[in-house]
Amino acid sequence: MTPAATLMDHEIDGSLMSYGLSMANRYQNRAHENPNPFTGFQEQPDMDADELRQRLFGVMGKPDNYQKK
């Protein structure tokens, strides 16, 4: 099944609003439960995208085909 077809299973009255809010709440709750929250912006508020990617994902942050623009 395509991603769009999978989403259609969650459609109610032609809208995905309930599903979107449910997922947002789920992700927010998980973020609050994280024992190691990201504090990078407090330590370095002017972090650029590459630094942020490295801090969040380490060596996993860049796919093999990543090209800096």
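Looking only at the range 17-59, which residues are modelled with pLDDT under 85 and within 27 Å of Ala4 (Cα to Cα)?
Listed by number, the list holds a single entry, Ala31.
Tally up the residues in the range 29-49 that are open to solvent by less than 100 Å² (accessible area, probe 1.4 Å) and in a helix (DSSP H, G or I), please.
Final tally of qualifying residues: 4.
The values are calculated or read from the model by the stated rules, or taken from the named source; none is laboratory data. Quantities reported herein were computed from a predicted structural model and do not represent experimental measurements. Surface areas here come from the heavy atoms of the whole protein model, side chains and all, with no ligands, DNA or RNA. Shrake-Rupley method; radii C 1.70, N 1.55, O 1.52, S 1.80 Å.
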